[in-house]
Every structure is written in C-alpha cells, then in structure tokens.
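Mind looking over this structure? Questions follow.
Any read-out appearing in this document is the output of simple, stated calculations on the displayed coordinates, not a laboratory observation. Quick caveat, the model's predicted, so the values are computed rather than measured. Using ideal geometry, Cβ is built from the backbone for each residue, glycine included, and neighbour counts are taken over all protein chains shown.
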C-alpha cells in the first residue's frame, strides 16, 4: 500500500482511506507508522533530519515487517537505527502475531480445530497464511497452563472420586496406538466438581494406577470415602491398596452392560427393564430382594448373565452405605461418560494426535475449562450431604 504523506491534512487522509480497498486496515497501518516515527524520535532524542547535540544515534532507512492483526495482514515500514536497533513496542521480536491473534489461534486449537482449519481461520481474518510450524510454535505457549493445572496442589478434602479412561489415536514410537488417559474427578468440601488428575498411560495395570494415586497423594490428596469406577482389576486393586478403608462403587451402568452381553438380543429390552429396578430401590435390602427374585427367575435361562450379576452385586450396591449422597450421581461414572462424549465432540477434527504430549495438553486445557465452569455452577453434591461423611 502506498503510504499517505505525513503532511497531508487529517480530512484528506480520511478521504484517501475511504477510497482504498480496506479502509480500516489502511488506517491502522498509517497509525502504526506514526507511532513508530514518534517512538524512534524519542529513542534518538531527535526528529527525522534534525541535528542536535543530544542525538544518541541516527536513522538508516526502513525495513519492511509483516504484522498479522485482527484487521488483517499489513506490511510495516519500520525505521532502522544504526546503534541499538529498534523494535516497535507493539511488535515482539520473535512473534509476528499480535497477542489477540495468538489467543484466537490458541482458542481454535483448544476447540479441536486442525492446523489446516486454523490456516483457513487465519485467512478468514485477513491473514495471508500460517504454516504448521507457526501453529505449533504458538501452541507451545499453552504448555505452562496445562502443566500448572495438572500439577496444582490439592488442598482440602475430596470425599468422592470418579475414575475413568479416555482413549484417542496417538502417534507413538513410529506407530499409531490407542492411548488411554486416566481422568480423576472429585467433589470438594463445597460439593463442586473438579478434575484432579489427567495421566497418560501406555498400559492399564495395578502398577500404573498406583503411580496415578501416589501422584495425587503427593499433591495433597487425603483418603477419599468413596471411589466410583468400572471393574478393571488393576484399578480396583490399586484403589484398595492406595486408600485403605475407602469404599469402592462398581459403576452400575458398566455392570449392567456386562450382564446384558449374555442376554439374547430379542430378550435384552425386557430383561434390562427388570435389571434396572435393582438400583432404583430405596434401600440396599430392597435392592437385594429384587436381585434375588431376578436370579431365581432367570438362573436357568441365562446362567452366564446371572453368574455375572451374583459375582458383582455387592460392589454395585456400595452407594447405599451413603444415604445422604445423591444416589444417581454416586452409583455410576455417568459424570465421566458425559465428559468423555463432550471431549470427543471437540477433538474429533484432530484425527490422530502427533504425540502423547499434544494429546495430554489438549485434554488438560479442555478439562481446565470444565473445572472453571463447575466452580461457578450449582454444587454437584450438596455441602450438607458431604458433611455427613465426616
């Protein structure tokens, strides 16, 4: 763009800008030019072509510098200074995108927009293009936020925990694998939900779960009263060993799914309706009575399903020992299932993550947002019900 002369009247400038292809961008470019000239004059102690004894250096022409802004891409004529150099106050030395644009690209990344889509977003903002390396460099700025959230101290008491895994395709060691990230949620003393742990795992075993819980304890986690999860053997063993005296609630939803895998398709719906009544009972005694009737009625027709029910029934009824708590919320990992679905909706555009670090970072930032939102909503479990646990 040809720059209007500095001596032109402001009214004439406005008329020139109006006649240009992008008046707002042209005005911004002119304003930046004036700011740079004023800043260099102050730095040198003398205006352009002015000679005085206080001059600290001299000008040496101009260099062009691309700057991406919300208004679009512009090319600045940056004054060159012979001694000490000059960088405009509104341009950082190694980053061409202004802070607002970085936030836009970061937000796009957090919302699951692939790098190609980020490039389209940049073009829609009037920016001429961004390479994959530029996007990756910008996103490194998110690491500190993610790590600070994952490693923050856990103050206070978290009496109820939910544990579940999320899976995504990740490139690791030259191949694509389905990697698990274990997520632990808890309710604090006020009854609000928080994401407490986000831990990638190459394998799910008692050892890796022990490591997960040890890290939580190192950050200040006190022993919980109740942990809700599926029936993964390594996880159940680690819960028992890491938190002696803590009750374990087998997720009733996962448990029902396990039972129903042994029921013929044509019988599933009717049997499932009867099965659900167990966990809808008002007391543990009533739940056991309903379960016994179901076992007596179906043990000969569906022996494998009934065997599964008998083996896991006790652990699926643990929540009845906490009558003050909302049974709908502490009898299953539905909280985690909903979170998992929402995360998948926001990450599906990624496809395959380039490495475990990118996967962990993105998931951490998603879950940071959820934790912040939860702190501003109604309590998940009432404070009064939490207080009955102590």
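Could you compute the FRET efficiency for residue 268 and residue 231, with r as their C-beta to C-beta distance and R0 at 30 Å, rounded to 0.05? Walk me through the numbers before you get to the answer.
Details: r = 21 Å, r/R0 = 0.68.
The formula returns an efficiency of 0.90 here.
Run the quick spin-label model on residue 51 and residue 82: label points 7 Å from Cα toward the beta carbon, then report their separation in nm to one decimal.
Using points 7 Å along Cα→Cβ, the separation is 1.3 nm.
Give me the number: length gained by fully extending residue 177 to residue 12, i.e. 0.36 nm times residue separation minus the C-alpha to C-alpha distance, one decimal in nm.
53.1 nm
On full extension of the chain, what length is gained from residue 372 through residue 22, given 0.36 nm per residue of separation minus the C-alpha to C-alpha distance?
On the way: separation 350, 0.36 × 350 = 126.00 nm, distance 3.96 nm.
Difference between extended and current length: 122.0 nm.
Where does each of 371-380, 67-76, 33-42 land if you order them by average Cβ count within 10 Å, highest first?
Values: 371-380: 12.8, 67-76: 17.8, 33-42: 15.4.
Highest mean packing first, the order is 67-76, 33-42, 371-380.
Okay, next question. So what is the calculated 222 nm ellipticity per residue for the chain, using -39500 (n - 2.57) for each DSSP H run with n of 4 or more, over all residues, to the nearest 500 deg cm²/dmol?
Values: 16 runs with 188 residues, N = 390.
Value at 222 nm, helices only: -15000 deg cm²/dmol.
Let me ask something else about it. Show me the ranking of peptides 360-366, 324-330 by mean Cβ neighbours inside 10 Å, starting with the highest. If you can, show how the numbers build up before the last one.
Values: 360-366: 22.1, 324-330: 16.4.
Ranking, from highest mean packing down: 360-366, 324-330.
Label-point separation (nm) for residue 345 and residue 120, each offset 7 Å from Cα along Cα-to-Cβ?
Taking the two extended label points, one gets 2.0 nm.
Also, I was wondering about something else. Based on the Cβ-Cβ distance from residue 145 to residue 222, what FRET efficiency comes out when R0 is 30 Å, to the nearest 0.05? Before the final figure, lay out each step's value.
Details: r = 26 Å, r/R0 = 0.87.
The value I calculate is 0.70.
Expressed in nm to one decimal, what extension gain is obtained for the pair residue 286 and residue 301 from 0.36 nm per residue of sequence separation less their Cα-Cα distance? Present the calculation step by step, with values, prior to reporting the outcome.
Working: separation 15, 0.36 × 15 = 5.40 nm, distance 2.37 nm.
The residue 286-residue 301 span can extend by a further 3.0 nm.
Take every DSSP beta bridge whose two residues both sit in the chain, then give the antiparallel share in percent to the nearest 5.
Working: 30 of 39 bridges.
Just about 75 percent of them are antiparallel.
Once label points are set 7 Å from the Cα along Cα→Cβ at both residue 321 and residue 215, what is their separation, rounded to one decimal in nm?
Rounded to a tenth, the inter-label distance reads 2.8 nm.
If we sort 177-185, 43-51, 201-209 on the protection proxy, mean other Cβ atoms within 10 Å, highest first, what's the order? If you can, show how the numbers build up before the last one.
On the way: 177-185: 19.7, 43-51: 13.3, 201-209: 15.7.
Packing order, densest peptide first, comes out as 177-185, 201-209, 43-51.
Answer rounded, prolate or oblate for the chain, using the Cα gyration tensor with square roots of eigenvalues a ≥ b ≥ c: rounded when a/c is under 1.5, else prolate when a/b is larger than b/c, else oblate.
Values: a/c = 3.28, a/b = 2.79, b/c = 1.17.
Prolate, because a/c is 1.5 or more and a/b exceeds b/c.
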